């Protein structure tokens, strides 16, 4: 039982870490767009 | 036919240049010697059971000193944009690949001829199962290693940190050769009764060599584009 | 300052996801929940391995997605070399990344399985070892993509490596399987992805559903990643234009 | 002899050539002038088959360079800024190697002739790495013409040369010209351009902005046109 839970949680942790890095990428791009908009004004 | 004569010219150019400077080959041989010394620290040569690590040690020497030569192979063409000269000359990409391959292969064979007897001597290894088969495995294993190694060295030469990139690309890709060569060497050196097994390993390496040699010849022009 | 950039007209200004993407995201979530239901409640317990056998569903379906992702890299690499269109390169890069993520899952759930049923963390079992080498090959692929220089050079070189690397996979698998079967006593029997007992139809249903939901997840991640990569490229171009304007 | 149609070259996100249409007749000597980063060298490299254009085509002798690569390459002699020579080899070894690659017959005789022509007979057996820039450039020009090309492409051949080397270089180029060789030269040196060439092409921002014939080595005309096009506009 513990092994099964371990395996499933590890797998989902990996997926969520990847989702987080994607999120980070997105916020970085959004910030840069904001920055460029500021510069354009 | 001109593909081969051009390839020979390029291989000759590399080997003759190496003959004049003797930089790369000396480094490879010294490095091979150092690996043997390190192996003797790691595995006590006076102990009889260490005979079992000799097949592994042989291929560690080949792989690690081979990668030194491969690293230099294309980086040395960048000094005076020599690669541009080869690219503007009426050559097929295939002949550049074949020429470079041949030069690297001959250099690795020289290192093996010097280093492996030295290893046998230091580890006091005397009897082997079958000498011709041993030579065959060395030849065919080194062939595949250098074939894909030359290709990836050309690829890595595009990067500023090519010495780091090359081993990372090369080692996983040649893992079938390494598995097969070590196993076959082990059988031939210590357990000749199982020769059919060794032969099927040699066949596996042979198949790998054919597939990748053809693939590298076909894809080489994409690597060379400026 | 007079502007040359039409920010409002550019599709990436707000980074709002498309309708298709949102539909796919919800489909993925629903199908993953369904497969959880099927795995934990609907599918019967395996008689000898009990709960541990349920690792099998996630392990096998991740392996499938990883393999699919690398196959996509292979196909797109060929397409890039033929057409030289950047979009193929972007897709290939993101697909390789997702493939590495799922290979990591295969390589972490595998040892947990091994530990529970054979009492050892790492088994040099063909499929697991192949995954390990696959992982290294595609890490190298990602390193090529992070090389210095213009994108078209990196795209060309990584495409070449994507082709060579994928063709290597079956040979690696064969070599490792031979290595195992001939030189070690067969202790492990078949690998983690093949169960000892017979496959009950309910288990098969659960496995297929899990595989479908992971494939959906792959598509969603691919879409999102490519979308962000495109946005990044556009932003880089804007920045370049801005710099030119500020300097000249 | 040389024809380019709508050449466009992109590297990464930068556009280097924006539609270059060129037509050079056999035996012409053409100088390509232009400010830094205008794409002069890139045009030369595309013609030399060193880099592929992103779109557009190049015809040499009415042959598409991609389809008849080997044939076209053996017609061209290319002399870029780097020497393209192997440092550890002597001039003779360098020339013999490239002569062989280009399929030159009686390669050793040809190599010796060329070395004599560029005035390096005394250094036949010295490795190139011990040479000065001027000497290296002399070997480099010999290398570029070892196969008696019908077209020579020169990328800033006079940069960093002493007077003596310039004289020898010009002698060789003019000799090739007299034999009817087509010459394309990228340069910053207007004086040499006017001396050697009978047609001037001015490139700016990856486009050809002017293209005119030159008579009587009229250096002032080159200066005037160049100033008008590059400084006058900005």
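Table: residues versus (1) touching a residue at least 60 places away in the same chain (Cβ under 8 Å); (2) surrounded by fewer than 19 Cβ atoms within 10 Å (Cβ to Cβ); (3) away from chain D (no Cβ under 14 Å).
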position	(1), (2), (3)
C:120	no, yes, yes
C:123	yes, no, yes
C:130	no, no, yes
C:140	no, no, yes
C:149	no, yes, no
C:158	yes, no, yes
What is the one condition in (1) more than 29 Å from residue B:50 (Cβ to Cβ); (2) within 16 Å of the chain's Cα centre (by Cα) that residue B:156 does not satisfy? (2)
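Being modelled with pLDDT of 90 or more, crowded, with 18+ Cβ neighbours inside 10 Å and within 23 Å of residue B:22 (Cβ to Cβ) is true for just one of B:151, B:118, B:145, B:134. Which residue is that?
On the way: B:151 fails: within 23 Å of residue B:22 (Cβ to Cβ); B:118 fails: crowded, with 18+ Cβ neighbours inside 10 Å; B:134 fails: within 23 Å of residue B:22 (Cβ to Cβ).
So the residue among B:151, B:118, B:145, B:134 that is modelled with pLDDT of 90 or more, crowded, with 18+ Cβ neighbours inside 10 Å and within 23 Å of residue B:22 (Cβ to Cβ) is B:145.
Tell me the strands (runs of 3 or more DSSP E) entirely within the stretch D:6-113 that contain at least 3 residues that are more than 14 Å from chain C (Cβ to nearest Cβ) and surrounded by 21 or more Cβ atoms within 10 Å (Cβ to Cβ). Explain how you work it out, then say what you get.
Details: elements: D:14-24, D:29-33, D:55-60, D:76-79.
Counting at least 3 such residues, we get D:29-33, D:76-79.
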In the stretch C:61-87, how many are surrounded by fewer than 22 Cβ atoms within 10 Å (Cβ to Cβ) and within 13 Å of residue C:169 (Cβ to Cβ)? 4
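Condition (residue is surrounded by 20 or more Cβ atoms within 10 Å (Cβ to Cβ) and over 21 Å from residue B:220 (Cβ atoms)) applied to the stretch B:38-45: is it met by at least one residue? Working first, answer last.
Restricting attention to the stretch B:38-45, the residues satisfying the condition of being surrounded by 20 or more Cβ atoms within 10 Å (Cβ to Cβ) are B:39.
Retained after the next criterion (residues that are over 21 Å from residue B:220 (Cβ atoms)): B:39.
Yes, because at least one residue in the stretch B:38-45 is surrounded by 20 or more Cβ atoms within 10 Å (Cβ to Cβ) and over 21 Å from residue B:220 (Cβ atoms).
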State whether the residues of the stretch C:88-111 include one that is touching a residue at least 24 places away in the same chain (Cβ under 8 Å), on the phi > 0 side of the Ramachandran plot and either within 14 Å of chain A (Cβ to nearest Cβ) or surrounded by fewer than 22 Cβ atoms within 10 Å (Cβ to Cβ) (or both). no
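Could you tell me which of the residues D:147, D:125, D:158 is surrounded by fewer than 22 Cβ atoms within 10 Å (Cβ to Cβ), under 18 Å from the mean Cα position of the chain (by Cα) and part of a loop (DSSP other than H, G, I, E, B)? So that I can check it myself, show each step before the final result.
Working: D:147 fails: surrounded by fewer than 22 Cβ atoms within 10 Å (Cβ to Cβ); D:125 fails: under 18 Å from the mean Cα position of the chain (by Cα).
Step by step, each of D:147, D:125, D:158 is checked, and only D:158 is surrounded by fewer than 22 Cβ atoms within 10 Å (Cβ to Cβ), under 18 Å from the mean Cα position of the chain (by Cα) and part of a loop (DSSP other than H, G, I, E, B).
Please indicate, with yes or no, whether at least one residue in the stretch C:70-83 is part of a helix (DSSP H, G or I) and either touching a strand residue (DSSP E or B) at 6+ places or on another chain (Cβ under 8 Å) or farther than 30 Å from residue D:52 by Cα (or both). Lay out the reasoning, then the answer.
Filtering the stretch C:70-83 down to residues part of a helix (DSSP H, G or I) leaves C:70-83.
Subsequent filtering for residues that are either touching a strand residue (DSSP E or B) at 6+ places or on another chain (Cβ under 8 Å) or farther than 30 Å from residue D:52 by Cα (or both) retains none.
Within the stretch C:70-83 (the criterion being part of a helix (DSSP H, G or I) and either touching a strand residue (DSSP E or B) at 6+ places or on another chain (Cβ under 8 Å) or farther than 30 Å from residue D:52 by Cα (or both)), the answer is no, since none of the residues qualifies.
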Evaluate the following for residue B:75: is it surrounded by fewer than 21 Cβ atoms within 10 Å (Cβ to Cβ), at pLDDT below 95 and within 14 Å of another protein chain (Cβ to nearest Cβ)? yes
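Take residue D:190 and decide whether it is in contact with a strand residue (DSSP E or B) (Cβ under 9 Å, 6 or more places away or on another chain) and either on the phi > 0 side of the Ramachandran plot or surrounded by fewer than 16 Cβ atoms within 10 Å (Cβ to Cβ) (or both). Before you say what the answer is, go through the steps one by one.
On the way: in contact with a strand residue (DSSP E or B) (Cβ under 9 Å, 6 or more places away or on another chain): yes; either on the phi > 0 side of the Ramachandran plot or surrounded by fewer than 16 Cβ atoms within 10 Å (Cβ to Cβ) (or both): no.
No: the conditions fail for residue D:190.
The values are calculated or read from the model by the stated rules, or taken from the named source; none is laboratory data. As the structure is a prediction and not an experimental result, all values here were calculated from the model. All Cβ positions, glycine included, derive from the backbone under ideal geometry; neighbour counts span all protein chains shown.
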